[in-house]
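First up is the structure itself, then whatever we jot down about it.
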Amino acid sequence: FSAAWDLLHDVSITVLFCFFIVTFVAQPVRVQGASMQPRIQDNERILVNKFIYRLHGIERGDVVVFYYPRDPSVSYIKRVIGIPGDEVSYQNQRLYINGQLAPVQPQGDFYDDSGSPRLYRPRFTEKLGEREHQILVEPKQGALFRPDANFPHLDQCNYTLEGVSCKVPAGHYFMMGDNRDNSRDSRYWGFVPDENIVGKAFLIWMNFGNLKRVGFFD
């Protein structure tokens, strides 16, 4: 009886510890879709830090998981492009933050095997402040941005033939996928309120097809 009780005690402590970790500290997430290529691939398993961003806040350039504003039962992963008060403009496939063009440098092609046919896509390094990340942009293949439907603070956005410009309202964020021509994001469905954010993605803990991709990222 004593051994069984000890086992039950140890299992209970383990379950409570795991519950605490998943609830308050870190949460495993499986990525679905290719909108965050080349940094994050479809079906990769990542870890999301649910605690640290509450202490330090959300910064421009962070990769975050959040509940989709139109359906909070669905989780999305995107990069934070605009924080409260920012003027975000995506015109002719170039990004401007508060009137400043985000510098980009070509980095050669990226082999995209997520769909059919498999394609080589132009890859660039984009710089937001002092932070850099890679994006995919297909020149002259940009989408015509139109809001999917009316969304909160739509009056803060202006849509033209060249792109979209938005003023990020207080308590909200503007999200975009790194795979710019293959991402449904704030350009279409609007801003993400702070309360929808789950946490900051920081680790690819499993890629069953390529273990070399496992590791930390910013």
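The values are calculated or read from the model by the stated rules, or taken from the named source; none is laboratory data. Model, not experiment: these values are computed from the prediction. Cβ sites come from the backbone with ideal geometry, for glycine too, and all protein chains shown count toward neighbours. Accessible surface is based on the protein model in full, side chains and every heavy atom, while ligands, DNA and RNA are left aside. Shrake-Rupley method; radii C 1.70, N 1.55, O 1.52, S 1.80 Å.
Output the residues belonging to the range 181-193 that are open to solvent by less than 50 Å² (accessible area, probe 1.4 Å) and farther than 14 Å from PRO147 by Cα.
Step one: of the range 181-193, the residues open to solvent by less than 50 Å² (accessible area, probe 1.4 Å) are 181, 183, 185-193.
Scanning the range 181-193 gives ASP181, VAL192, PRO193.
For the range 196-214, give me each residue that is touching a strand residue (DSSP E or B) at 6+ places or on another chain (Cβ under 6 Å) and either open to solvent by 40 Å² or more (accessible area, probe 1.4 Å) or among the hydroxyl-bearing types (Ser, Thr, Tyr) (or both). Walk me through it before giving the result.
Taking the range 196-214 as the starting set, the residues that turn out to be touching a strand residue (DSSP E or B) at 6+ places or on another chain (Cβ under 6 Å) are 196-206, 213-214.
Matches in the range 196-214: LYS200, PHE202, TRP205, MET206, ARG213, VAL214.
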- Task: Out of the residues in the range 75-95 that are modelled with pLDDT of 95 or more and in a loop (DSSP other than H, G, I, E, B), state the one that is nearest to LYS212 (Cα to Cα).
- Result: ILE83
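For the structure I just gave you, tell me whether GLN32 is modelled with pLDDT of 55 or more, out of contact with any strand residue (DSSP E or B) (no Cβ under 6 Å at 6 or more places or on another chain) and either part of a strand (DSSP E or B) or surrounded by 10 or more Cβ atoms within 10 Å (Cβ to Cβ) (or both).
On the way: modelled with pLDDT of 55 or more: yes; out of contact with any strand residue (DSSP E or B) (no Cβ under 6 Å at 6 or more places or on another chain): yes; either part of a strand (DSSP E or B) or surrounded by 10 or more Cβ atoms within 10 Å (Cβ to Cβ) (or both): yes.
Yes.
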- Message: For the range 86-115, which positions are touching a residue at least 12 places away in the same chain (Cβ under 8 Å), surrounded by 12 or more Cβ atoms within 10 Å (Cβ to Cβ) and either closer than 18 Å to ILE40 by Cα or among the charged types (D, E, K, R) (or both)?
- Response: ASP86, GLU87, GLN107, ASP109, PHE110, ASP112, SER114
- Please go through the range 96-119 and pick out each residue that is at pLDDT 95 or above and assigned to a loop (DSSP other than H, G, I, E, B). ASN98, GLY99, ALA102, PRO103
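What tally of residues in the range 66-85 results from selecting those that are surrounded by 14 or more Cβ atoms within 10 Å (Cβ to Cβ) and touching a Phe, Trp or Tyr at 6+ places or on another chain (Cβ under 7 Å)? Show your work before the answer.
At the first step, the residues of the range 66-85 found to be surrounded by 14 or more Cβ atoms within 10 Å (Cβ to Cβ) are 66-69, 75-84.
Still in the list and also touching a Phe, Trp or Tyr at 6+ places or on another chain (Cβ under 7 Å): 66, 68-69, 75-76, 80-83.
The qualifying residues number 9.
Does any residue of the range 120-141 turn out to be within 30 Å of ALA26 (Cα to Cα) and assigned to a loop (DSSP other than H, G, I, E, B)?
Filtering the range 120-141 for residues within 30 Å of ALA26 (Cα to Cα) gives 125-136.
Cutting the leftovers down to assigned to a loop (DSSP other than H, G, I, E, B) gives us 129-130.
There is at least one residue in the range 120-141 that is within 30 Å of ALA26 (Cα to Cα) and assigned to a loop (DSSP other than H, G, I, E, B).
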- (1) over 17 Å from TYR90 (Cα atoms); (2) in contact with a helix residue (DSSP H, G or I) (Cβ under 8 Å, 6 or more places away or on another chain); (3) outside any loop (DSSP other than H, G, I, E, B) all hold for PHE151 apart from (3)
- Message: For the range 139-185, give me the residue count where each residue is under 20 Å from GLU59 (Cβ atoms), of a type in the set (A, V, I, L, M) and in contact with a strand residue (DSSP E or B) (Cβ under 9 Å, 6 or more places away or on another chain).
- Response: 3
